[in-house]
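The structure appears below as structure tokens.
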Amino acid sequence: MASAAAVSMLPRPPCMHPSPIASSASSRLLMCTLPFRRRPLHCSSTAYAVLRDDTALVPISAIGPVNDDKSIFEITLDLSNAPEFVASYTTPGQTVTTTVPSSGLRAAYIEIASAPHSGPQFDLLVKSVPRTTAERLCKLSVGDQVELGAVTGQGLPISDIKEAETVLLFAVAEGLSPIRALIKSGLRNNVSLYYGARNQESVPLQEELDEWQKSGVNVIKVLTEPVQHPFLRDPNPIVKNPKSTVAVLVGPIDLQQEVKKALTGLGVPVEKILTIAQWYPNY
């Protein structure tokens with residue numbers, strides 16, 4: 001199997017809040033910019049976009065909570081008239097800069113939860129945090145406009161992940177976004193997903209998680225302890241061939257450090273342990 005590529009996201013502008021950063025432990029920061037050209041205003045009864053260099057105003061086509069305690073919302077953005085954004089999203093793990101117009105709040109960097117090439121829309125999972133852009137986003141309605149910045153980041157090396165004999169996925173809260181994009185891109189065989197939440201009511205997309213379980217993904221919901229602990233207690237039966245194991249860790253630093261230490265101790269190459277940092281609760 002080809003070794004997994006390093007993953008990293010664009011550094012933030014100095015005036016913006018830190019962007020989530022995806023990286024492998026051995027990688028250096030990689031940067032990329034996406035070209036956008038000026039386009040005229042497009043209007044229709046169902047979708048509209050105003051592209052200004054690398055930004056666009058797009059409407060919400062669907063919005064609502066996806067867990068029982070209503071702490072996480074799924075927001076679907078209609079990109080019918082913003083094809084540059086659709087084309088620039090090429091692999092799970094990429095982020096899009098999101099702003100509520102005239103809110104005066106800092107932009108949020110949000111991983112896209114829908115699969116690339118799945119149509120002219122972005123699905124976002126957003127955790128409502130008081131006095132932030134995330135909270136404002138969750139209070140919007142169908143038809144309201146959201147301002148998008150460029151899609152950024154190298155994303156996750158999906159071909160390498162699909163070729164692995166064993167795939168381990170770890171996520172908490174809205175960190176399920178890039179994991180969902182991976183699974184919707186066809187990742188199924190020999191996949192174990194450890195998902196952590198405070199309680200059953202805070203688990204998002206429960207019906208979808210059940211569907212993943214039926215389709216071959218081993219979904220382990222962790223509700224009473226840190227998400228990594230069930231794996232750390234007995235990792236040996238799961239990691240059968242360390243050289244052909246890939247892990248994707250989406251969560252806080254303690255999750256990343258503990259799982260990375262366990263996996264490297266079993267012989268998993270460090271470049272196959274991919275991390276996406278989550279920033280709490282400041283966007």
Mind listing just one residue for me: the one in segment 123-157 that is open to solvent by less than 50 Å² (accessible area, probe 1.4 Å) and assigned to a helix (DSSP H, G or I) and, of those, nearest to LEU79 (Cα to Cα)? LEU137
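Just for segment 251-268: of the residues that are part of a loop (DSSP other than H, G, I, E, B) and at pLDDT 95 or above, which one is least open to solvent (accessible area, probe 1.4 Å)? Walk me through how you get there before you give the answer.
Restricting attention to segment 251-268, the residues satisfying the condition of being part of a loop (DSSP other than H, G, I, E, B) are 252, 267-268.
Now drop any that are not at pLDDT 95 or above, which leaves 267-268.
Details: GLY267: 27, VAL268: 5 Å².
So, considering only residues that are part of a loop (DSSP other than H, G, I, E, B) and at pLDDT 95 or above, the one least open to solvent (accessible area, probe 1.4 Å) is VAL268.
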Taking GLU111, is it among the acidic types (Asp, Glu), crowded, with 23+ Cβ neighbours inside 10 Å and either under 13 Å from the mean Cα position of the chain (by Cα) or at pLDDT below 95 (or both)? yes
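So which residues in segment 186-203 are among the polar types (S, T, N, Q) and farther than 10 Å from LYS162 by Cα, if there are any at all?
In the first step, residues of segment 186-203 are kept if they are among the polar types (S, T, N, Q); the result is 189-190, 192, 199-200, 202.
Matches in segment 186-203: SER192, ASN199, GLN200, SER202.
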For segment 176-199, check the following and say yes or no: at least one residue is open to solvent by less than 40 Å² (accessible area, probe 1.4 Å) and at positive phi. no
Would segment 159-174 turn up any residue that is assigned to a strand (DSSP E or B) and surrounded by fewer than 20 Cβ atoms within 10 Å (Cβ to Cβ)? yes
The conditions are (1) surrounded by fewer than 21 Cβ atoms within 10 Å (Cβ to Cβ); (2) of a type in the set (Gly, Ala, Ser); (3) in contact (Cβ under 8 Å) with a residue 24 or more places away in the chain, and GLY64 fails exactly one of them. Which is it? (3)
Considering every residue within segment 212-232, establish whether at least one is buried (at least 24 other Cβ atoms within 10 Å of the Cβ) and within 21 Å of PRO116 (Cα to Cα). no
What pairs come out if I take residues in segment 200-219 that are touching a residue at least 40 places away in the same chain (Cβ under 8 Å) and pair them with residues that are exposed (fewer than 15 other Cβ atoms within 10 Å of the Cβ) and acidic (Asp, Glu) whose C-beta lies under 9 Å away, six or more apart or interchain? GLN200/ASP68; GLU201/ASP68; GLU201/ASP69; SER202/ASP68; SER202/ASP69; VAL203/ASP68; GLN206/ASP68
Which numbered condition trips up THR97, out of (1) touching a residue at least 12 places away in the same chain (Cβ under 8 Å); (2) open to solvent by 30 Å² or more (accessible area, probe 1.4 Å); (3) among the hydroxyl-bearing types (Ser, Thr, Tyr)? (2)
Quick check, is GLU271 closer than 22 Å to ALA113 by Cβ, in a helix (DSSP H, G or I), of a type in the set (D, E, K, R) and open to solvent by 40 Å² or more (accessible area, probe 1.4 Å)? no
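Specify the residue that is nearest to SER244 (Cα to Cα); the eligible residues are those in segment 193-219 that are part of a strand (DSSP E or B) and within 17 Å of the chain's Cα centre (by Cα). Step through it out loud before you land on a result.
Residues of segment 193-219 that are part of a strand (DSSP E or B), as a first pass: 193-196, 218-219.
Now drop any that are not within 17 Å of the chain's Cα centre (by Cα), which leaves 193-196.
Details: LEU193: 17, TYR194: 19, TYR195: 22, GLY196: 25 Å.
That would be LEU193.
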Anything in segment 82-92 that is modelled with pLDDT under 95 and either charged (D, E, K, R) or crowded, with 22+ Cβ neighbours inside 10 Å (or both)? List them, or say none. ALA82, GLU84, PHE85
Somewhere in segment 69-78, is a residue crowded, with 23+ Cβ neighbours inside 10 Å and modelled with pLDDT under 95? no
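The values are calculated or read from the model by the stated rules, or taken from the named source; none is laboratory data. Source: prediction; values computed, not measured. All Cβ positions, even for glycine, are placed from backbone atoms using ideal geometry, and neighbour counts span all protein chains on display. In case anyone asks, the SASA skips ligands and DNA or RNA and just uses the protein heavy atoms, side chains included. Shrake-Rupley method; radii C 1.70, N 1.55, O 1.52, S 1.80 Å.
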